[in-house]
Structures are given as C-alpha cells and as structure tokens.
Amino acid sequence: MSPTITTSSEANGNVSAATARAAASAAATVEASGPQTVTMAKALNTALADAMQADPSVLVFGEDVGLLGGVFRITDGLTKTFGEQRCFDTPLAESGIVGMAVGMAMNGMRPVVEMQFDAFAYPAFEQIVSHVAKMHNRTKGAVKLPMVIRIPYAGGIGGVEHHCDSSESYYAHTAGLKVFTPATVADAYRMLREAIDSDDPVMFMEPKKLYWSKDLVDLEELRAQHAANAAAGTSSEGRAAVARSGTDATLIAYGPSVPTALAAAAAAAEEGRSLEVIDVRSIVPFDDETVCASVRKTGRAVVIAEAHGFASVSSEIVARVQERCFHHLAAPIRRVTGFDVPYPAPKLEHYYLPGVDRILDAVDDLQWEN
Amino acid sequence: MTISADHSAPDQAQRLPAEDAVSEAVRKFGITVEDYMLPARHQIQMVDPDGRLKAESEQGTEPGHEYPLPADAELLAAYEQLVIGRRVNDQNSALVRQGRMAVYPSSHGQEACQVAAALCLSDGDWMFPTYRDAVAVMARGVDPVETMTIFRGDWHSGYDPARHKVGIQCTPLTTQLLHGVGVAHAAKLRGEDTVVLAMCGDGATSEGDFHEALNFAAVFHLPVVFFVQNNKYAISVPLAHQSVAPSLAHKAVGYGMAGERVDGNDVVALLAVLDRAVKLAREGSGPLLVEAHTYRMQAHTNADDATRYRQDSEVAEWLAKDPISRMKTYLTGRGLLDDDGAARIAEKAEAVASQLRDGLGEDVPVDPQELFRHVFSVPTPQLKEQSAMLADELAREASAEESPK
Ligand SMILES: Cc1ncc(C[n+]2csc(CCOP(=O)(O)OP(=O)(O)O)c2C)c(N)n1
Ligand SMILES: [Mg+2]
C-alpha cells in the first residue's frame, strides 16, 4: 500500500470538485443493477464507499468504524476495501475526532466522521460550534471545511439514556452548519453523497430507527444520477420533498417523523381527509419555497418533530410558514413534538414520541368549521 | 468562605498541602518523587492464576510500592461478593435474552475489580461508577433491583446517590470523574475525611474529561482514587489504539500523582493496592491512579458481536485467569473456605439471583405522568400544560377502549 494519500486540492481551489468526482465515481464498484430491497444502512454504506472510490481525499474515521464497521454497521467493509489509512478507528474522544477533521479539511482532505450516538457528540460541541461552523466566516472564505459529521440521532429504538437525543436544533441554531436528515433509503444515499460533495460542513443526522427500514431502490441508478448531477452542477441539495400529495392540510416532518406523518396521512385518508406530507430533508438550508407552496395550497399545517418543541426546529418552521403564508392560513399552525422533558427511559418512550393519534388530534384541531 | 454544616470539625492538622505531601511521601518511603509517582516496574500480583500465594519477592512490589496482605476476614467477604457478582452478571444476561431487560453491559470476568472497588471504601466515602459497574454498586450496598432499574428501562436510575454515596451509573464516558473530583473538593472544604473512588474503562482514558479530572484532582490536591479497569477493549477498539504510553498507570506522573498497576483478576492484590490508595488519599497524599489489568470476557453488551474483532483464543487465555476460581483455590488451600462455606455463599448468590428474577421479571407498571414530575423541582407552566394534554389523551384512549363504537 502506498504510504501517502493523494489529496484533492479542490476544496479550497476553484476547479469544479464535482466534475472531477463525477468522472471518478463512474469507476465505483457496482452490484447487480435493477431495483433491489435495500436498507437505509446499506444505502449509507454504499454512499460512503462510492464517495471514497470517487475521491481519494474522502476519509472516514471515528469510534469503532474500522474493523467493527460501526455500531450500526454503516462503515462496514470500508477499512477492508480502502485500507486503514482511509477508514480508521481513533482514540475514544469526540472533540479529538472533530478537531482533527477540521485540520484535515484545512489540508486537502474530505473527512466524514462518525459520532457514535447523538448524545456522545456533545464533547465535540466546542469544535463544532466554535470552529466547524465559523472557520469559513472568520477567514472570509479563505478556509473551507468540506467535512461531514454523521450522527445517528433520535429515539424509537428502546435505547437507554443518552442514546436517543434529537440534537438537530442545536446544530440548526448554529450559523455556518448545514443540517441534513434523510427519511427514505434513496434520500439517504443521495443526501450523503451531496453532503460529502459540499464544500461547507454538514451535520448529517441519521434517524437511527430508520436504519433498518427497507425500500426498493436501484443503487446503480442513484449512482448514475449523482454522477450526472455532479457533472451538470445540479443537485437537489437543500430541497424538501412532497412525500405524499394531498389537498386539505399539510403535515411538515423530517427524519424519524416522516414515516409517522405518512401513516397519519394514510389514516386520515380513510376518514376522508386528504393530507399532504412534506419531508423537509434539509433543515439548513431550509426550503421555504416547497414548504410554503404546500401550505398556501392546503391552508392548514401541522409540524411534526420528535425533538422537544421549545425553541426548536419545529418552532422555526412554524414561524417561517406563519410569516410567509399568514393570509393563506385557515387555522393556526399546530405542532406535534416531543414533550419538553429529557428523553424518557425505554418503557416510557411511546408516551413521548409523536404518534399517529396525536397527529390526527392536531389535524382535527385545525378549525375545519371555518 | 464560610461553609456551615453540622458535621464534625475538620482535623486540618492531618491534611497536608500538596508540596508537603510529595516530600512527605518521599520521606515516608525513602525514594525519589519519580519513583513514588511512577508505577512499580511490574503489575502487583499476590495470588497467581492457579490460586497460589506468590513469594513476596515475586509480587511486583518495590520500595515505596509495598503492599501488606489483606486480612482474612476481608478476603472471605470479597470471595462472597465475587460469587454473588458472577451470579448477578449471568442472571442479568439471561434476563436480557428473555427480553426482561433492555440491555446489560456485563462485568463477567471483571468481578474482582468490581468487588475490590466497593470493599476498599468506608461508609462515608463515595463511588462514581460507569454503566459497567453494576456489581460494584451492589457490593456497595445498593439494592440489586434498584441497581438494575436503568437496564430494566423504566427509569434512568433506581437509587438515591446521596443515600448510598454512589453516583448515578454514568454512560457519557469520564464525565463522572469530574463529579467525583467535585465531591472530594466539597468534602475537603467541609472538613470531611471522605475519599472518592472514581471509575472508568481503558478506552475512556482517551476522553478530554479524563485529563481534566486528573489534573483538577492533582492541582486541588484532592482525596480521589482514580480506578481504571483496563479490560483491553473499548467496544471493538483494542487498547493499542487508545494509548501508546508504557501503561495507563504511567499517566499519573504527568499530573503529579502516584500511579500503580495491579492484576485485575487477583482480588487479593486489588484489595491490597486499593486499600492502601484509599488510606494514602485519606491521609492527605492527594489523588492516586490505579490501573487494573483485566479482560472483558463477553461482548461489550448483548447488542455487540465480539467475534467480529477478536479471536476466541484470546478469550480462552483469559478464561484461565478467572478471578473467582483462583480465589476459591487460594482460600480453600488456606483452610479459610470449605464445602459448607462455599455452599452457604452459593445459596446467598442464588437468593440475589432470584431477587433479580422477581424484581425484573414482573412487568412493573409505569406512570406516564412521571415524565413531567422530575424535570424541575417545581414543574413549569408549560410542563403542567403538557402533562394535562397527555392525561387527556390517555383518558380518551381508555374511554374509547371501554365503549367501542
Ligand atoms: C462520550 C462518549 N462517547 C462514546 C460513548 C459510547 N461508548 C459507550 S461504552 C464505549 C466504550 C468504552 O470503553 P472502555 O472505557 O474501555 O470501557 P468498557 O466498556 O470496556 O468497560 C463507548 C465508545 C459514550 N458512552 N460516551
Ligand atoms: Mg475497556
């Protein structure tokens, strides 16, 4: 094995990073083509492998990501395929992981680091808030930090304390961080590739309860799409998606709450109510256009999030929609969120989590008599 | 600063300022500061894996690192706790398999460390344990079912730390070490002769808080014994990825404290080393660091698959160093333990296991209103509103179930 890694100087230069990577990604390893049943975990794993294949400056490191392949197996096989220089275990220290990633990003690398669980990213908070988020601004753009911090987040898996936090609001509140969170298998692939392509740092929030969710997707096609987008300089980065169309009210959700919102919409349909579901996907930047277009159409909205409601992403969404769609609204926007309590122990979590009934109650409250 | 509390007056004369403590140690042991702070050249081991007491010259001791054999009564008490600890570990793992517990990070194979950590402390001392230290928490006197509440999954902890002087079992690695430092600092200000035993694993020594805790304890010259159970792995990551220091105990000298390493499967040596560390800390030596060499015999937790990252042969090697069989052989050889004694201890262990089965086997009803009750001393208006909302939701659900449409 060569002792050095060829670095791409693209991140801090003017060359189109996307073009170079697109060309390289055509060479990525490919399994049988055509749609296959794929888990979100596998889609993320494939996205990492493809990005590493496409660009030698992409590095993966963190706790247990090497031989073990991560406690959720998202980095499975990467060390074997790409060697210990490109996917490796670090000493057990989150501030160290993120701080070192900052330095690597300053010197030609594209680090993709894993925080083992949401609450275990907090030792890195100082690095994230004071450096990852601010370096570009402090240096007037002279230093870019093309790095991704992957965080399995949120609950619903019966995890004990510190394994179920919804920490997205801390990061969304911090100026200078992009915050992505996929809810579908295909988006997991697409969005992780886009996050790695981004010349700005991305907090990549993975809803851990959806890791084993499955979908019929064609990874080969996703790979080709990504290459084509990259070559053309187009991408869906920063765009929300209409996960289900409807006419009567809009459910706005992201990450782990999207499947719950879809289930609520399906239940409402049986009662004759047509609900549109928006999957926010990118919390920062936020897609006002898609979200507001839906609310203007339906005139009613419920925002759903697992995180505590107070001073959160959900409050931000309500504020933005209200500011932009006030005259289209037939009722105040409602929220269904986690309570303002520390994430509960496993046996109590179902009382805490926004569920279909709680969502339907909120929908019922949208002043239908008006 | 005025500290007013109704506890016994401090005997400040006994407490030495930091500089004096070093020269005092040097004077007491007749060695240099470096020799006092650096661990002995070899780990301390008193009873070998075959259960034989080693000759004093073979125990790894050196001038200034000398350890008297603990009293027979302490050894017997330790053996009883070892047997109970093993039974508890294996009972809990079974309860996890039966779905009765959410998770259990077993200390199977590390029971000697667990037991010694509890037995070396006096009533007024504090322990700051991790998620893996349930057996130590129990050995300290916390009720077994209360100890396991965190893993049963109906609340984050089941015991009152203040009552037992045992911190809540801590998962965010090494954060609790600083709490231990704080308790020791407060005790010092209050004139209490409390010693704090602050525990963590080998992997955790890489965390920033580990460094901060050791440095604070040393700078403020606090009676804290840092106890590192080096079980060779942090989930899948072997020690070699964490540190290339000669040993974890060597880190002590960098902070200006004394370090020692000990065979973590030899409860005799563990008690000797920890008893002395606690005694020195109480006498004003400042903090100490003890590294115990042991092995995580099972996976990290039930959710982990250790075959992905280590060889069975390595595990087998450590099986031969089991802390319990070694102690049994030793005590039997000494005539301190016979079949009757062993049977009585086994019975006690069985009783604790059945207590766990009963306490964790039943489906304990949970009260959803508990969600809101303990966030603040007095619930905020917002929490009251949310609590009423949940109550209303549950009442509607209940009445819908009673009178189906
Ligand atoms: C701050 C923080 N980061 C990561 C974790 C996840 N985690 C839990 S236990 C563990 C390994 C700890 O290893 P070690 O300190 O050797 O203790 P052991 O589990 O072996 O007893 C990790 C990485 C955590 N609990 N806290
Ligand atoms: Mg360990």
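Would you jot down the residues in the range B:295-343 that end up with at least 50 Å² less accessible area in the complete protein assembly than in the chain alone, with a 1.4 Å probe?
By number: B:ARG308.
Give me the angle, in degrees from 0 to 90, between the Cα long axis of helix B:267-283 and the longest principal axis of the Cα atoms of chain B, rounded to the nearest 10.
80 degrees
In whole Å, how far is the Cα centre of the range B:36-108 from that of the range B:221-264?
So the two Cα centres are separated by 17 Å.
Let a ≥ b ≥ c be the square roots of the eigenvalues of the Cα gyration tensor of the protein assembly as shown; is it rounded (a/c under 1.5), or, if not, prolate (a/b larger than b/c) or oblate?
Prolate.
Per residue of the range A:39-47, in order, report the coupling 6.51 cos²θ - 1.76 cosθ + 1.60 (Karplus, θ = phi - 60°) as ³J(HN,Hα) in whole Hz, putting x for Gly and Pro.
Each residue of the range A:39-47 in turn: 7, 4, 4, 5, 5, 5, 4, 5, 4 Hz.
From the residues A:GLY70, A:SER235, B:ILE150, which one has its Cα farthest along the dipole of the protein assembly as shown in the positive direction, the dipole being from +1 and -1 charges on Cβ of Lys/Arg and Asp/Glu about the Cα centre?
Most positive-ward Cα: A:SER235.
What length, rounded to one decimal in nm, is gained on full extension from B:ASP363 through to B:GLU350, with 0.36 nm per residue of separation minus their alpha-carbon distance?
2.5 nm
Based on Cβ point charges of +1 for Lys and Arg and -1 for Asp and Glu, what charge dipole magnitude is obtained for the protein assembly as shown about its Cα centre, in debye rounded to the nearest 20?
Dipole magnitude for the protein assembly as shown comes out near 1380 debye.
Once label points are set 7 Å from the Cα along Cα→Cβ at both B:ALA388 and A:LYS214, what is their separation, rounded to one decimal in nm?
4.7 nm
Treating cross-link reach as a plain straight distance, find the lysines whose alpha-carbon is under 23 Å from the alpha-carbon of B:LYS384, omitting any fewer than eight places away in the same chain.
A:LYS347
Which whole-Hz ³J(HN,Hα) couplings does the range A:150-161 yield from phi under the Karplus relation 6.51 cos²θ - 1.76 cosθ + 1.60, θ = phi - 60°, glycine and proline marked x?
8, 9, x, 9, 6, x, x, 10, x, x, 6, 3
Using only Cα atoms and rounding to the nearest 10 degrees, what angle (0 to 90) does helix B:208-219 make with the longest principal axis of chain B?
Helix B:208-219 sits at roughly 50 degrees to that axis.
What pairs in A:LYS80/A:LYS208; B:LYS54/B:LYS321; B:LYS165/B:LYS251; B:LYS232/B:LYS321; B:LYS28/B:LYS54 have C-alpha atoms more than 21 Å from each other?
Flagged as over cut-off: A:LYS80/A:LYS208; B:LYS165/B:LYS251; B:LYS28/B:LYS54.
Relative to the present Cα-Cα distance, how much length would full extension add between B:SER325 and B:SER122 at 0.36 nm per residue of separation?
Here the segment from B:SER325 to B:SER122 would lengthen by 70.4 nm.
Explain nothing, just the number: dipole magnitude of the range A:36-232 about its Cα centre with +1 on each Lys and Arg Cβ and -1 on each Asp and Glu Cβ, in debye rounded to the nearest 20.
340 debye
About the Cα centre, and with charges only on the beta carbon of Lys, Arg (+1) and Asp, Glu (-1), how big is the dipole of chain A? Nearest 20 debye, please.
Charge dipole, chain A, about its Cα centre: 620 debye, nearest 20.
Applying the Karplus parametrisation 6.51 cos²θ - 1.76 cosθ + 1.60 with θ = phi - 60° to the phi angles of the range A:269-281, what ³J(HN,Hα) value in whole Hz is obtained for each residue in order, glycine and proline being reported as x?
4, 5, 8, x, 10, 9, 9, 8, 10, 9, 9, 4, 6
Report the net charge of residues surrounding A:ARG244, where surrounding means a beta-carbon distance below 11 angstrom and charges are Lys +1, Arg +1, Asp -1, Glu -1.
Neighbourhood net charge equals -2.
Pairs of alpha-carbon atoms within less than 8 angstrom and 6+ residues apart define the contacts here; what relative contact order does the range B:14-361 have, in percent?
Dividing the mean separation by the residue count of the range B:14-361 yields 26 percent.
Under 1.5 on a/c is rounded, so check that first for the range A:241-364, then, if it is not, pick prolate when a/b is larger than b/c and oblate when it is not; a ≥ b ≥ c are the square roots of the alpha carbon gyration tensor eigenvalues.
Oblate.
For B:ASP143, project a label point 7 Å along Cα to C-beta. Then give me every residue of the range B:361-396 with its amide nitrogen under 18 Å of that point.
Backbone N within reach: B:361-367.
Taking only protein heavy atoms and a 1.4 Å probe, what accessible area per residue, in Å², does the protein assembly as shown have with all protein chains in place?
Result: 40 Å² per residue.
Report the gain in length on full extension from B:VAL375 to B:GLU317: 0.36 nm times residue separation, minus Cα-Cα distance, nm rounded to one decimal.
Gain on extension, B:VAL375 to B:GLU317, equals 16.1 nm.
Determine the percent antiparallel among the DSSP beta bridges restricted to the range A:177-293, to the nearest 5.
40 percent
Put +1 on the Cβ of each Lys and Arg and -1 on the Cβ of each Asp and Glu in the protein assembly as shown; which of B:VAL366, B:GLY167, A:THR260 then has its Cα farthest toward the positive end of the dipole?
A:THR260
Cα centroid distance between the range B:332-356 and the range A:183-221, in Å?
When both Cα centres are located, 55 Å separates them.
Rounded to the nearest 500, what is the 222 nm mean residue ellipticity of the protein assembly as shown from helices alone, with -39500 (n - 2.57) per DSSP H run of 4+ residues and division by all residues?
Roughly -12500 deg cm²/dmol at 222 nm, from the helical runs in the protein assembly as shown.
Within the range B:272-295, find all residues whose amide N lies under 11 Å from a label point positioned 7 Å from the Cα of B:ARG334 along Cα-to-beta-carbon.
Flagged as within label range: B:272.
I need the calculated FRET efficiency for the pair B:ASP90 and B:VAL244, taking r as the beta carbon distance and R₀ as 41 Å, to the nearest 0.05.
Rounded to the nearest 0.05, the efficiency is 0.70.
To the nearest 0.05, how large is the calculated FRET efficiency for A:SER245 and A:LYS80 if R₀ is 56 Å and r is the Cβ-Cβ distance?
Efficiency computed from Cβ-Cβ geometry: 0.85.
Taking amide hydrogens as modeled 1.01 Å from N in the peptide plane, which residues meet the under 5 Å criterion relative to B:CYS170, leaving out close sequence neighbours?
Answer set, sorted by chain and number: B:THR130, B:TYR131.
According to a simple spin-label model (label point 7 Å from Cα along Cα-to-Cβ), what is the distance in nm between B:THR32 and B:ARG310?
Taking the two extended label points, one gets 3.7 nm.
If you build a Gaussian network model of chain B, linking Cα atoms that sit under 10 Å apart, which residue out of B:ASN89, B:ASN302, B:ASN231 swings the most?
B:ASN302
Evaluate the range A:286-341: find the radius of gyration of its Cα atoms, find its Kirkwood radius, and give the ratio Rg to Rh.
Across the range A:286-341, the Cα-based Rg/Rh ratio is 0.98.
Dimensions of chain A along principal axes (Cα, Å, largest first)?
71, 43, 41 Å, listed from the longest principal axis down.
Compute the long axis of helix A:94-106 from its Cα atoms, compare it with the longest principal axis of the Cα atoms of chain A, and write down the angle in degrees, 0 to 90, nearest 10.
Tilt relative to chain A: about 60 degrees.
In the range A:320-338, whose amide N lies under 11 Å from the spot 7 Å out along Cα-to-Cβ of A:ASP288? List them in ranges.
Only A:320-325 pass the distance filter.
Assuming R0 = 56 Å, what is the FRET efficiency of B:ALA186 and A:ALA266, from their Cβ-Cβ distance, to the nearest 0.05?
0.50
With each pseudo-label sitting 7 Å past Cα toward Cβ, what's the B:VAL219-A:ASP364 distance in nm, one decimal?
5.9 nm
Name the residue from A:PRO285, A:HIS328, A:ALA249 whose Cα lies farthest towards the positive end of the charge dipole of the range A:241-364, charges +1 on Cβ of Lys and Arg and -1 on Cβ of Asp and Glu.
Towards the positive end, the residue furthest out is A:HIS328.
Among residues other than B:HIS241 whose Cβ falls under 12 Å from its Cβ, what is the net charge (Lys/Arg +1, Asp/Glu -1)?
That works out to -4.
When only DSSP loop residues count, what chymotrypsin sites (Phe, Trp or Tyr not before Pro) in the range A:29-87 have their Cβ near at most 14 other Cβ atoms within 10 Å?
For chymotrypsin sites (Phe, Trp or Tyr not before Pro) across the range A:29-87 that sit outside H, G, I, E and B with at most 14 neighbouring Cβ atoms in 10 Å, the list is empty.
Just report the Cα centroid separation between the range A:312-328 and the range B:126-172, whole Å.
44 Å
Using a 1.4 Å probe and counting only protein heavy atoms, arrange B:SER403, A:SER274 so the residue with the most accessible area comes first.
Ranking B:SER403, A:SER274 by accessible area, largest first, yields B:SER403, A:SER274.
Mind listing, in residue-number order, the residues in the range B:199-231 that have at least 40 Å² less accessible area with every protein chain present than in their own chain alone (1.4 Å probe)?
Residues shielded by partner chains are B:GLU207.
To check you understand DSSP bridge types, tell me what percent of the beta bridges within the protein assembly as shown (both residues inside) are antiparallel, rounded to 5.
Here the antiparallel bridges make up roughly 20 percent for the protein assembly as shown.
Can you tally the net charge around B:GLU58? Count Lys and Arg as +1, Asp and Glu as -1, for every other residue whose Cβ sits under 15 Å from the Cβ of B:GLU58.
After counting each charged neighbour, the total is -4.
The values are calculated or read from the model by the stated rules, or taken from the named source; none is laboratory data. Bear in mind that the values here come from a model prediction, so they are computed numbers and not experimental data. Cβ coordinates were reconstructed from backbone atoms using ideal geometry, including for glycine residues, and neighbour counts include every protein chain displayed. Side chains are part of the model used for accessible areas, which takes the heavy atoms of the whole protein and leaves out ligands, DNA and RNA. Shrake-Rupley method; radii C 1.70, N 1.55, O 1.52, S 1.80 Å.
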